[in-house]
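The values are calculated or read from the model by the stated rules, or taken from the named source; none is laboratory data. Please read all numbers here as calculations on a predicted model, not as lab measurements. FYI the Cβ positions are ideal-geometry reconstructions off the backbone, even for glycines, and counts take in every protein chain you see. Remember, those area values only see protein heavy atoms, side chains included, never the ligands or the DNA or RNA. Shrake-Rupley method; radii C 1.70, N 1.55, O 1.52, S 1.80 Å.
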Amino acid sequence: MTRNLILILGDQLTPTLSALRAGDPLHDRVLMAELTEEASYVRHHKKKIAFIFSAMRHFADELRTLGWTVDYVALDDPHNTGSFSGEVARAVAENRPTGLILTEPGEWRVAEMFRGWEQSLDVPVTMLSDDRFICSTAEFSAWAQDRKQLRMEYFYREMRRKTGLLMDGDQPEGGKWNFDAENRKPASASLFMPRPYAEPHDAVTQKVLALVVERFDNHFGDLEPFTYAVTRHGAEAALAHFIATALPHFGDYQDAMLEREPFLYHAVIAQYLNCGLLDPLQVCHAVEAAFREGSVPINAAEGFIRQIIGWREYIRGIYWLKMPDYADVNFFNHTLPLPDFYWTGETDMACLRAAIAQTKQYAYAHHIQRLMVTGNFAMLAGVEPHALHEWYLSVYADAYEWVELPNTIGMSQFADGGLLASKPYAASGAYINRMSNYCVGCRYDVKQRTGANACPFNALYWDFLARHRDKLGGNPRIGQMIRTYDKFSDDERAAIATSAAATIARIS
Ligand code: FAD
Ligand code: DLZ
Ligand code: SF4
């Protein structure tokens, strides 16, 4: 008889997961299932589905070698009901376990499903916390309590003290908590750009790719070339490759964007971290070791570690603190439907075309492309935040709601009115021109503010400030820009409104 049934989700591919630690391979059995509902509740990128399914199949094999009995339900199993609730109900009926062990999921929607099972299945449920994160949800709530503003920088310092990463006694290594002043240089196309780690397909991946062609051909994105690692071993090789080839320049060029260089000096490991193939602390210790050996400068090591123990943990804390209402906030009352070109890439704006084309090709865009190109444009144009959230959740291989939603709704759209960011990340074409080479090949002129040939970001930017002056005028940094707008002539302000309206009409 099965003692406990342990459900493992597609983003819980960690042998030391709390649910597995609580079980016993001799008496308990593991359930994993490829599910139509999970692959289709938003229409995930084909590469993302292939990555998750192949990583799940490899992880099931890894568990079997560790002695576990794993019931693995493939997508094309004729008995597969297609949902977590259906598959758990089927397994409970078949195995009659005395208990169900779960590690809390990364998404509110799935947590709601979990909550109903004890009653509907009449089986005791043990729900364990997901301790793959450095800061528990309870610890984050305690930190957030009574703070008027939840600023990442202060949270990050707590995480540095807690982990001891880059600490010199109780002081930050190098005398500063944050070395960003030395980062954020524009990149030149003549720099040598390393390529992310790439793996050939094995037979398991080959089968999954065929399944994705058969079942998800109408989803967004290119399936091939598929070069992601799909095992822990492969993900660790990808991390080592990043540390050796790209990390030394990570800080310098973190915000740069270049046509035909989708990865620059980024790690391209979020998809491994988020499904459990890499452990965040293990990643940070490896980066710190490279710094201590002298192969990586402090601005790169600190900048990188901040992304993981700072931003990643902070974003997760915000998600669980503010859900479920957070998914529907809309501070600016934006209602424009998501423009079609977000799915097709067919636009004459070179920056958006490049960011969307590489998203389609690789299921990847780096942070500044997400924030300052696709996100910035959507906010300036007035796109409905929830529609944009569903786009980001679908198109990136690393996208899970707990991390994608606050980044989109809070950071990129300011739809929470400033809980997460101190000001909207709104920028005209000048920012994109400074940080990229996109404008050189664009049919628009980044220096013109209005008219048929002017960069559309420019009029949209000033029009956005004018439209939302009541909500933004009190913000010291944005208020200053609104005062600049007020100094424009009446004709100039009318031309801005006309140009912005023309862009919105064109993309609607
Ligand atoms: P690098 O640039 O090399 O950074 C290293 C690591 O730091 C990343 O792998 C990631 O784990 C972490 N990190 C960096 N920034 C953030 C951040 N803001 N939030 C959380 N972790 C961070 N990240 C996701 O993991 N999943 C998402 O669904 C996601 N959606 C986003 C949506 C928008 C609108 C924006 C602006 C950002 C989003 N991010 C998301 C954050 C960030 O863009 C990605 O983590 C990063 O681009 C992944 O690529 P990388 O591994 O090369 O990261
Ligand atoms: C994202 C995803 C996809 C595409 N498919 C599956 C699946 O078939 N089976 C599964 O267990 N998990 C999948 N996932 C991940 C889940 O959606 C994920 O566990 C939730 O988003 C909670 O974070
Ligand atoms: Fe983008 Fe404007 Fe530059 Fe064209 S000119 S690439 S639209 S920022």
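Per-structure values
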item	result
Matching residues, segment 407-458, being open to solvent by 30 Å² or more (accessible area, probe 1.4 Å) and aliphatic (A, V, I, L, M)	LEU419, ALA430, VAL440, ALA452
Options ASP470, ASP491: the member that is among the acidic types (Asp, Glu), loosely packed, with under 15 Cβ neighbours inside 10 Å and farther than 22 Å from ASN333 by Cβ	ASP491
Selection count, segment 149-175, where residues are open to solvent by 50 Å² or more (accessible area, probe 1.4 Å), part of a loop (DSSP other than H, G, I, E, B) and in contact (Cβ under 8 Å) with a residue 24 or more places away in the chain	1
Lone qualifier among ALA111, ALA138 - being without any contact (Cβ under 8 Å) to a residue 12 or more places away in the chain and buried (at least 16 other Cβ atoms within 10 Å of the Cβ)	ALA111
Index of the failed condition, ALA426 passing every other in (1) modelled with pLDDT of 95 or more; (2) away from ligand 3 (no atom under 16 Å from the Cβ)	(2)
Pairs where the first residue, in segment 117-129, is free of Cβ contacts under 8 Å to residues at least 40 places away in the same chain and open to solvent by 50 Å² or more (accessible area, probe 1.4 Å) and the second is among the small types (Gly, Ala, Ser) and in a strand (DSSP E or B), C-beta under 6 Å, 6+ apart	PRO124/GLY99
Count of segment 63-84 residues which are assigned to a helix (DSSP H, G or I) and surrounded by 17 or more Cβ atoms within 10 Å (Cβ to Cβ)	2
Number of positions in segment 59-75 that are within 12 Å of ligand 2 (Cβ to nearest atom) and either touching a Pro at 6+ places or on another chain (Cβ under 6 Å) or farther than 17 Å from THR14 by Cα (or both)	3
Residues (open to solvent by 40 Å² or more (accessible area, probe 1.4 Å) and within 9 Å of ligand 2 (Cβ to nearest atom)) located in segment 12-37	THR36, GLU37
Qualifying position, being in contact with a Cys (Cβ under 8 Å, 6 or more places away or on another chain) and not acidic (Asp, Glu), among VAL395, VAL403, VAL383, VAL373	VAL373
Single condition GLU87 does not satisfy, out of (1) acidic (Asp, Glu); (2) more than 20 Å from GLN12 (Cβ to Cβ); (3) over 26 Å from the mean Cα position of the chain (by Cα)	(2)
Subset of segment 337-391 (residues that are open to solvent by 10 Å² or more (accessible area, probe 1.4 Å), free of Cβ contacts under 8 Å to residues at least 40 places away in the same chain and in a helix (DSSP H, G or I))	THR344, ARG353, ALA357
